[in-house]
Amino acid sequence: MYDQLEKLIRLQELDRETARIGQKIAEIEPQIEETRLHLAAAERALEEGKAKVESTRKDRRTAEKDLETQIDKRRKFQEQQSKVKTNKEYQALMGELETLKVAETAAEDRILALMEGQAEAERLLPGLTAEVARERAEFQQKEKVLRAAEAQLRGEMAAAESARGAVVATLEQVSLQTYQRIQRLRGNLVVVEAREEFCLGCRTKLPPQQFMEAMSNSTLKACPHCHRILYYLKPEIGASPAAPAEAAPSAAAGSADAGPAA
Ligand SMILES: [Zn+2]
């Protein structure tokens with residue numbers, strides 16, 4: 001085979017290899033990010049749990065102060081009890097005291113409810129804390145594994161790039177330019193097999209003359225349809241030496257393989 005053609009095939013292998021590795025490296029960061037998000041969600045839930053405890057505690061303190069104020073107020077009214085002179089004044093004072101007592105009971109109920117709320121919020125904290133620890137351990141473990149995989153891939157990438165550089169160094173300028181021109185148009189499928197008179201790049205039938213030229217592997221021959229560079233591989237000769245090469249296309253369709261037994 002023409003050495004430039006051979007080298008272009010190798011170059012293409014390496015280009016596909018580096019693209020494949022590059023793709024895998026690109027997938028690593030999002031995977032780490034996803035686990036990081038799980039950890040962040042657990043941390044947020046814990047923070048919210050702590051804030052809930054704190055806010056119920058504050059509300060309780062406020063309610064307790066309100067109750068103290070109310071109790072003071074009631075005591076002052078009670079002290080006045082001995083000073084009232086008329087029955088009407090006494091009635092008014094009793095009414096006032098009754099109202100204050102109702103308000104006190106309501107304040108006490110509110111404090112109880114807030115204490116329960118606080119206790120409930122506190123009960124949730126150990127579970128939330130454990131969840132953060134679990135997510136953090138999982139994140140650290142996953143990150144470690146993924147970073148190791150990334151380092152491995154970067155090593156493979158460096159090797160492939162170095163091999164690619166070595167191939168490029170031995171390529172003739174015109175071969176490399178042709179390859180790069182097609183690559184810009186067609187991606188990493190530049191050099192393709194011509195088989196059974198078809199270009200396997202675009203699946204179009206080649207004119208007999210073009211196919212004959214491709215079969216020779218002696219030059220950089222482009223497919224007239226997709227302009228990819230063609231090469232030819234001799235069909236694998238099966239166990240049947242009698243089968244002529246020309247018969248291969250139709251025989252290949254039927255996989256019954258009567259040949260080998262004979
Ligand atoms: Zn083609």
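Coordinate-derived values only; no laboratory data. Treat the numbers as computed from the prediction; the structure is a model and nothing was measured. Positions of Cβ are generated from backbone atoms using ideal geometry, with glycine treated the same way; all protein chains shown enter the neighbour counts.
If you fit an axis through the alpha-carbon atoms of helix 87-170 and take the longest principal axis of the Cα set of the chain, what angle between them do you get, 0 to 90°, nearest 10? The angle comes out at about 20 degrees. Can you tell me how the range 3-170 classifies by the Cα gyration tensor, rounded, prolate or oblate, using a/c under 1.5 as the rounded cut? Since a/c reaches 1.5 and a/b is larger than b/c, the shape of the range 3-170 is classed as prolate. Over all other residues within a Cβ to Cβ distance under 15 Å of LEU128, the charged ones net out to -2, with Lys and Arg as +1 and Asp and Glu as -1. Axis of helix 173-186 versus longest Cα principal axis of the chain: the two differ by about 50°, to the nearest ten degrees. For GLU34 and PHE77, the difference between the fully extended length at 0.36 nm per residue and the C-alpha to C-alpha distance is 9.0 nm.
Computed from the C-beta positions of ALA113 and TYR90 and an R0 of 35 Å, the FRET efficiency is 0.50 to the nearest 0.05.
Across the chain, Cα pairs under 8 Å and at least six residues apart give a relative contact order of 27 percent.
What FRET efficiency comes out for THR62 versus ARG123 if R0 is 22 angstrom and r is the Cβ-Cβ distance? Round to the nearest 0.05. Present the calculation step by step, with values, prior to reporting the outcome.
Details: r = 22 Å, r/R0 = 1.02.
Calculated transfer efficiency: 0.45.
Once the chain from GLN209 to LEU97 is taken as fully extended at 0.36 nm per residue, the excess over their C-alpha distance is 28.8 nm. GNM remark for the chain: springs join alpha carbons under 10 Å apart, and the peak mean-square fluctuation among VAL145, VAL191, VAL174 falls on VAL174.
Here GLU161 and ARG181 are evaluated by their C-beta separation; at R0 = 22 Å the FRET efficiency comes out at 0.55.
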